[in-house]
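Where a number appears in this text, it was derived from the coordinates with a stated rule and is not lab data. A quick note: this is a predicted structure, and the numbers were derived from the prediction, not measured. Here the Cβ is made from the backbone with ideal geometry for all residues, glycine too, and neighbour counts use every protein chain on show.
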Amino acid sequence: MTAARFIITALLFFSCGVLFFVCLLALRKRFTSGPPSILLSFAILFVAFYDIGYAMEINATSIAGTFFWVRFQHLGIQLITPTWLLFALLIVRRKRLIAPHVIALIYLLPVVALLASQTLGGLNLLHPNPGLAEGEILSRFIYDRSWTMYLTVI
């Protein structure tokens with residue numbers, strides 16, 4: 001392990017610990033703040049999933065290990081944005097509940113993208129032509145960008 005990779009991994013694990021601590025602090029406020037604190041803690045938890053997944057991805061030594069941690073990262077990557085959007089909507093609407101069909105619409109594309117990302121190593125719906133690059137300090141995971149990736153980014 002190079003010094004740069006060690007420093008980055010240490011920072012990622014440290015920030016993951018801080019994120020878990022802040023997540024617990026937000027979760028403790030759920031009785032006074034209500035649903036916004038729960039959504040905030042979930043958003044922070046998803047960032048922590050992405051954080052720990054990336055730390056493990058850059059230290060993976062095999063393609064199977066890298067694929068596992070990329071799939072793990074997508075648990076956080078795909079769910080951060082809709083959870084944060086719901087948190088912001090609850091804050092703006094002053095804790096008025098959001099209709100279930102609106103929540104379903106907000107989570108529709110991220111859940112489809114999450115399911116597509118879990119096909120890595122098989123169908124490769126979200127990451128066509130995956131592989132490992134040589135000589136990279138950080139993520140060695142490479143893949144071709146496809147229309148599905150651009151659809152999830154938009």
- Among the residues of segment 16-40, the number that are closer than 29 Å to Gly65 by Cβ and either in contact (Cβ under 8 Å) with a residue 40 or more places away in the chain or touching a helix residue (DSSP H, G or I) at 6+ places or on another chain (Cβ under 6 Å) (or both) is 5
- Message: Tell me the residue from Leu79, Leu90, Leu85, Leu97 that is in a helix (DSSP H, G or I), in contact (Cβ under 8 Å) with a residue 12 or more places away in the chain and over 21 Å from the mean Cα position of the chain (by Cα), please.
- Response: Leu90
- Can you tell me which residue in segment 100-123 is farthest from Phe42 (Cα to Cα), limited to those that are among the small types (Gly, Ala, Ser) and free of Cβ contacts under 8 Å to residues at least 24 places away in the same chain? Gly122
- Task: Inspect segment 129-141 for any residue being in a loop (DSSP other than H, G, I, E, B) and touching a Gly at 6+ places or on another chain (Cβ under 8 Å) and give the result as yes or no.
- Result: yes
- Query: If you check Leu79 against the conditions, is it surrounded by fewer than 16 Cβ atoms within 10 Å (Cβ to Cβ) and within 14 Å of Thr152 (Cα to Cα)?
  - Reply: no
